Amino acid sequence: VFLVQDSLVALQDLARAHRRRRKAVIIGLTGSNGKTTTKEFAAAILSSVHPTHWNAGSFNNHWGVPLTLLQLEHSHEFAVVEMGMNHAGEITELVKIAEPNIVICTMVGRAHIEYFGTREKIAEAKEEIYESAAPTAVRIYNLDDDMTIRMHEKALNKFSQSRILTFSSE
(Lines give C-alpha, C1' and ligand atoms only; values in the text may rest on other atoms or scores of the structure.)
Protein backbone atom coordinates (compact mmCIF):
# COMPACT_ATOMS: atom_id res chain seq x y z
CA VAL A 1 0.00 0.00 0.00
CA PHE A 2 1.28 3.43 -0.93
CA LEU A 3 -0.05 6.58 0.63
CA VAL A 4 -0.09 9.38 -1.95
CA GLN A 5 -1.42 12.91 -2.01
CA ASP A 6 -3.32 12.44 -5.28
CA SER A 7 -4.03 8.98 -6.71
CA LEU A 8 -4.41 10.24 -10.30
CA VAL A 9 -1.09 12.10 -10.25
CA ALA A 10 0.59 9.06 -8.67
CA LEU A 11 -0.84 6.77 -11.36
CA GLN A 12 0.38 9.13 -14.09
CA ASP A 13 3.85 9.43 -12.54
CA LEU A 14 4.08 5.65 -12.16
CA ALA A 15 3.04 5.16 -15.79
CA ARG A 16 5.63 7.67 -17.04
CA ALA A 17 8.37 5.95 -15.02
CA HIS A 18 7.27 2.53 -16.31
CA ARG A 19 7.24 3.83 -19.90
CA ARG A 20 10.81 5.12 -19.50
CA ARG A 21 11.93 1.65 -18.46
CA ARG A 22 10.63 0.09 -21.67
CA LYS A 23 12.23 0.15 -25.11
CA ALA A 24 8.97 0.38 -27.07
CA VAL A 25 8.53 3.11 -29.65
CA ILE A 26 5.42 4.98 -28.55
CA ILE A 27 3.04 6.24 -31.22
CA GLY A 28 0.68 8.88 -29.84
CA LEU A 29 -2.37 9.76 -31.86
CA THR A 30 -5.32 12.07 -31.56
CA GLY A 31 -8.04 13.46 -33.80
CA SER A 32 -11.68 14.42 -33.74
CA ASN A 33 -12.50 11.37 -35.84
CA GLY A 34 -10.54 8.35 -36.91
CA LYS A 35 -8.23 7.95 -33.93
CA THR A 36 -9.60 4.58 -32.79
CA THR A 37 -9.66 3.22 -36.35
CA THR A 38 -6.14 4.55 -36.98
CA LYS A 39 -4.97 3.00 -33.71
CA GLU A 40 -6.48 -0.37 -34.62
CA PHE A 41 -5.04 -0.31 -38.18
CA ALA A 42 -1.58 0.74 -37.00
CA ALA A 43 -1.59 -1.87 -34.23
CA ALA A 44 -2.75 -4.61 -36.62
CA ILE A 45 0.00 -3.79 -39.13
CA LEU A 46 2.77 -3.40 -36.54
CA SER A 47 1.76 -6.47 -34.53
CA SER A 48 1.99 -8.66 -37.63
CA VAL A 49 5.77 -8.09 -37.57
CA HIS A 50 6.68 -6.71 -34.10
CA PRO A 51 5.44 -7.27 -30.55
CA THR A 52 3.00 -4.36 -30.19
CA HIS A 53 0.76 -3.10 -27.41
CA TRP A 54 -2.22 -0.77 -27.81
CA ASN A 55 -4.96 0.56 -25.60
CA ALA A 56 -8.20 -1.35 -25.39
CA GLY A 57 -11.29 0.40 -26.72
CA SER A 58 -11.12 4.12 -26.11
CA PHE A 59 -8.86 4.09 -23.06
CA ASN A 60 -7.61 7.48 -24.18
CA ASN A 61 -7.96 9.87 -21.23
CA HIS A 62 -6.01 10.89 -18.12
CA TRP A 63 -6.82 7.49 -16.51
CA GLY A 64 -6.75 5.26 -19.61
CA VAL A 65 -3.40 6.36 -21.04
CA PRO A 66 -1.50 5.62 -17.79
CA LEU A 67 -3.25 2.25 -17.43
CA THR A 68 -2.29 1.42 -21.03
CA LEU A 69 1.35 2.34 -20.44
CA LEU A 70 1.50 0.26 -17.27
CA GLN A 71 0.68 -2.79 -19.39
CA LEU A 72 3.83 -2.37 -21.49
CA GLU A 73 6.09 -5.39 -21.28
CA HIS A 74 9.82 -5.61 -21.99
CA SER A 75 9.04 -7.58 -25.14
CA HIS A 76 6.95 -4.83 -26.72
CA GLU A 77 8.74 -3.02 -29.52
CA PHE A 78 5.86 -0.64 -30.29
CA ALA A 79 2.88 0.82 -28.48
CA VAL A 80 0.03 2.70 -30.11
CA VAL A 81 -1.58 5.07 -27.64
CA GLU A 82 -4.78 6.91 -28.46
CA MET A 83 -5.10 10.32 -26.81
CA GLY A 84 -8.51 11.92 -26.50
CA MET A 85 -9.49 15.27 -25.09
CA ASN A 86 -12.42 17.50 -24.29
CA HIS A 87 -10.59 20.54 -22.95
CA ALA A 88 -7.46 22.53 -23.72
CA GLY A 89 -4.30 21.26 -22.07
CA GLU A 90 -5.40 17.63 -21.86
CA ILE A 91 -3.33 16.42 -24.83
CA THR A 92 -0.27 18.19 -23.41
CA GLU A 93 -0.68 16.27 -20.16
CA LEU A 94 -1.11 12.95 -21.97
CA VAL A 95 2.00 13.61 -24.08
CA LYS A 96 3.96 14.37 -20.89
CA ILE A 97 2.89 10.99 -19.51
CA ALA A 98 3.41 8.86 -22.65
CA GLU A 99 6.41 10.71 -24.11
CA PRO A 100 5.63 9.48 -27.65
CA ASN A 101 8.33 9.03 -30.28
CA ILE A 102 5.85 9.50 -33.12
CA VAL A 103 2.76 11.75 -33.07
CA ILE A 104 -0.20 12.25 -35.38
CA CYS A 105 -3.49 14.13 -35.45
CA THR A 106 -5.88 12.34 -37.82
CA MET A 107 -8.14 15.38 -38.40
CA VAL A 108 -9.97 18.21 -36.71
CA GLY A 109 -13.75 18.06 -36.63
CA ARG A 110 -16.49 19.40 -34.41
CA ALA A 111 -16.30 16.85 -31.59
CA HIS A 112 -16.53 18.64 -28.22
CA ILE A 113 -17.32 21.96 -29.88
CA GLU A 114 -19.53 22.69 -26.87
CA TYR A 115 -16.33 23.11 -24.83
CA PHE A 116 -14.39 25.09 -27.44
CA GLY A 117 -16.86 27.10 -29.49
CA THR A 118 -14.98 26.90 -32.81
CA ARG A 119 -13.06 24.38 -34.89
CA GLU A 120 -10.05 26.69 -34.64
CA LYS A 121 -10.04 26.29 -30.85
CA ILE A 122 -10.40 22.51 -31.22
CA ALA A 123 -7.45 22.57 -33.63
CA GLU A 124 -5.35 24.48 -31.09
CA ALA A 125 -6.07 21.78 -28.50
CA LYS A 126 -5.32 18.96 -30.97
CA GLU A 127 -2.09 20.66 -32.04
CA GLU A 128 -0.80 20.12 -28.51
CA ILE A 129 0.22 16.62 -29.61
CA TYR A 130 2.82 18.19 -31.92
CA GLU A 131 3.76 21.12 -29.71
CA SER A 132 4.26 19.01 -26.57
CA ALA A 133 6.19 16.15 -28.15
CA ALA A 134 9.97 16.04 -27.84
CA PRO A 135 11.93 17.85 -30.57
CA THR A 136 13.19 14.43 -31.72
CA ALA A 137 9.68 13.03 -32.22
CA VAL A 138 8.48 12.23 -35.71
CA ARG A 139 5.44 14.35 -36.55
CA ILE A 140 2.94 13.05 -39.11
CA TYR A 141 0.44 15.43 -40.73
CA ASN A 142 -2.75 14.85 -42.71
CA LEU A 143 -2.67 17.05 -45.80
CA ASP A 144 -6.36 16.39 -46.55
CA ASP A 145 -7.66 18.38 -43.55
CA ASP A 146 -7.54 22.18 -43.59
CA MET A 147 -6.70 22.42 -39.89
CA THR A 148 -3.88 19.84 -39.94
CA ILE A 149 -2.51 21.54 -43.07
CA ARG A 150 -2.17 24.72 -41.01
CA MET A 151 -0.42 22.75 -38.28
CA HIS A 152 1.97 21.32 -40.88
CA GLU A 153 2.76 24.76 -42.29
CA LYS A 154 3.68 26.04 -38.81
CA ALA A 155 5.73 22.90 -38.13
CA LEU A 156 7.90 23.44 -41.20
CA ASN A 157 9.31 26.57 -39.55
CA LYS A 158 9.54 25.10 -36.08
CA PHE A 159 10.68 21.47 -36.23
CA SER A 160 13.33 19.57 -38.15
CA GLN A 161 11.94 18.81 -41.59
CA SER A 162 13.68 15.45 -41.47
CA ARG A 163 11.32 14.55 -38.59
CA ILE A 164 8.12 15.58 -40.43
CA LEU A 165 6.05 13.19 -42.55
CA THR A 166 2.75 13.75 -44.36
CA PHE A 167 -0.02 11.72 -45.94
CA SER A 168 -2.83 12.59 -48.33
CA SER A 169 -5.30 10.94 -50.66
CA GLU A 170 -3.90 13.26 -53.35
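The values are calculated or read from the model by the stated rules, or taken from the named source; none is laboratory data. Predicted, not measured: the structure shown is a model, and the values here were computed from it. All Cβ positions, glycine included, derive from the backbone under ideal geometry; neighbour counts span all protein chains shown. Note: accessible area is taken over every heavy atom of the protein model, side chains too, but ligands, DNA and RNA are not part of it. Shrake-Rupley method; radii C 1.70, N 1.55, O 1.52, S 1.80 Å.
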**Fill in**
Computed about the Cα centre, the charge dipole of the chain from +1 Lys/Arg and -1 Asp/Glu charges at the Cβ has a magnitude in debye, to the nearest 20, of 440
**Item:** Per-residue [θ]222 nm for the chain (sum of -39500 (n - 2.57) over DSSP H runs n ≥ 4, rounded to 500)
**Value:** -12000 deg cm²/dmol
**Prompt:** Which GluC sites (Glu not before Pro) does the stretch 51-125 hold that lie in a coil by DSSP with at most 11 other beta carbons within 10 Å?
**Reply:** 73
**Prompt:** What angle, in degrees between 0 and 90 and rounded to the nearest 10, separates the Cα long axis of helix 35-47 from the longest principal axis of the Cα atoms of the chain?
**Reply:** 60
**Request:** Return the carbon/sulfur percentage of the accessible area of the stretch 1-96, one whole number, probe 1.4 Å, all protein chains in place.
**Result:** 59
**Net dipole in debye of the stretch 1-78 [+1 Lys, Arg Cβ; -1 Asp, Glu Cβ; about Cα centre; nearest 20]** = 180
**Asked** Residue by residue, what Karplus-based ³J(HN,Hα) values in Hz, rounded to whole numbers, does the stretch 61-78 have, using 6.51, -1.76 and 1.60 with θ = phi - 60° and x for Gly and Pro?
**Response** 10, 5, 9, x, 4, x, 5, 5, 5, 5, 8, 4, 10, 4, 6, 5, 9, 9
**Item:** Lysine-lysine proximity count for the stretch 8-151, Cα under 22 Å, sequence distance 8 or more or distinct chains
**Value:** 9
**Message:** Quick check: the angle from helix 7-20's long axis to the longest principal axis of the chain, C-alpha only, nearest 10 degrees?
**Reply:** 80
**Item:** Calculated log10 I(q)/I(0) by the Debye sum over Cα atoms at q = 0.12 Å⁻¹ (choose from (1) -0.51; (2) -0.65; (3) -0.78), label
**Value:** (1)
**Request:** Over the stretch 71-130, average the accessible area per residue using a 1.4 Å probe and give it in Å², no decimals.
**Result:** 41
**Request:** Tell me which residues come under 5 Å, amide H to amide H, from residue 166 once H is placed; ignore anything under 5 positions away on its chain.
**Result:** 141
